[in-house]
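The values are calculated or read from the model by the stated rules, or taken from the named source; none is laboratory data. Just so we're clear, the structure is a prediction, and the values are computed from it rather than from any experiment. Here Cβ is always computed from backbone atoms with ideal geometry, including for glycine, and neighbour counts include all displayed protein chains. Quick note on the areas: whole protein, heavy atoms, side chains included, nothing else; ligands and nucleic acids left out. Shrake-Rupley method; radii C 1.70, N 1.55, O 1.52, S 1.80 Å.
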Amino acid sequence: MSDTLFTKIINRQIPADIVYEDEHCFAIRDINPQAPVHLLLIPKKPIDRLSAAEAGDQALLGHLMLAVGKITRDLKIDNAFRLAINNGADAGQSVFHLHLHILAGRAFSWPPG
Ligand code: 5GP
């Protein structure tokens, strides 16, 4: 299977602004930000989409949630942020390597568009 865009970024084959990295995941600034802060939190394991995650990914998914807490505290946006996962093309997914959008720095409406 060929590397995904995000695998190429973490392998430093494609440049990106990496704001966080640990053993299991990394976060970059989105190239087309939809808010003053727009990060993508990405597992190093290239899971295609959230619905493709398996029981063996339970710890990794929990790790991602705890990383959101750490990253947002470090950036002092933990008081208000929006977390989004687009699962499938019809939901807006364009890169088929699981990623969590972390958006902050403006007000967000509900329901989302
Ligand atoms: P999706 O649409 O799959 O939920 O989110 C993919 C995100 O990746 C989009 O918000 C898009 O702007 C971002 N993106 C696409 N290509 C690049 C890139 O080369 N670098 C970075 N930093 N973000 C990218």
Check: Quick one: ranking L66, L98 by accessible area, 1.4 Å probe, largest first, what do you get?
Finding: L66, L98
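How long is the gain from R29 to A53 if the chain were fully straight, where each residue apart is worth 0.36 nm and the alpha carbon distance is subtracted?
Numbers: separation 24, 0.36 × 24 = 8.64 nm, distance 2.38 nm.
Here the answer is 6.3 nm.
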Checklist line | Most positive-pole-ward Cα, S51, S94, P112, against dipole of the range 40-113 from beta carbon charges | finding: P112
Checklist line | Average accessible area per residue (Å²) across the range 5-91 - probe 1.4 Å, nucleic acids and ligands excluded | finding: 60 Å²
Check: Among the aspartates and glutamates, which fall within straight-line cross-link reach of K70, defined as a Cα-Cα distance under 14 Å, with same-chain neighbours fewer than 8 residues apart omitted?
Finding: E21, D22, D78
Checklist line | Zero-based 5 Å bins, Cα pair distances in the range 54-96, whole percents | finding: 5, 18, 17, 20, 23, 14, 3
Notebook entry, point to check: Taking Cα atoms, how many degrees apart are the long axis of helix 58-74 and the longest axis of the chain, rounded to 10 and kept between 0 and 90?
Noted result: 40 degrees
Next item on the list: Give the Debye-formula value of log10 I(q)/I(0) at each listed q (0.22 Å⁻¹), with one equal scatterer per alpha carbon of the range 4-48, two decimals each.
Entry: -0.73
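When ranked by the protection proxy of mean other Cβ atoms within 10 Å per residue, highest first, what sequence do the peptides 77-83, 41-47 form?
Values: 77-83: 14.6, 41-47: 19.3.
Listed from highest to lowest mean packing, they are 41-47, 77-83.
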Check: How many percent of the accessible area of the chain is carbon or sulfur, using a 1.4 Å probe?
Finding: 54 percent
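Can you give the Rg to Rh ratio of the range 5-91, both from alpha-carbon atoms, with Rh computed by the Kirkwood formula? The partial results should precede the final answer.
On the way: Rg = 13.0 Å, Rh = 13.9 Å.
That ratio is 0.94, to two decimals.
Compute the signed sum of charges (Lys and Arg +1, Asp and Glu -1) over the other residues within less than 13 Å, Cβ to Cβ, of Q93.
-1
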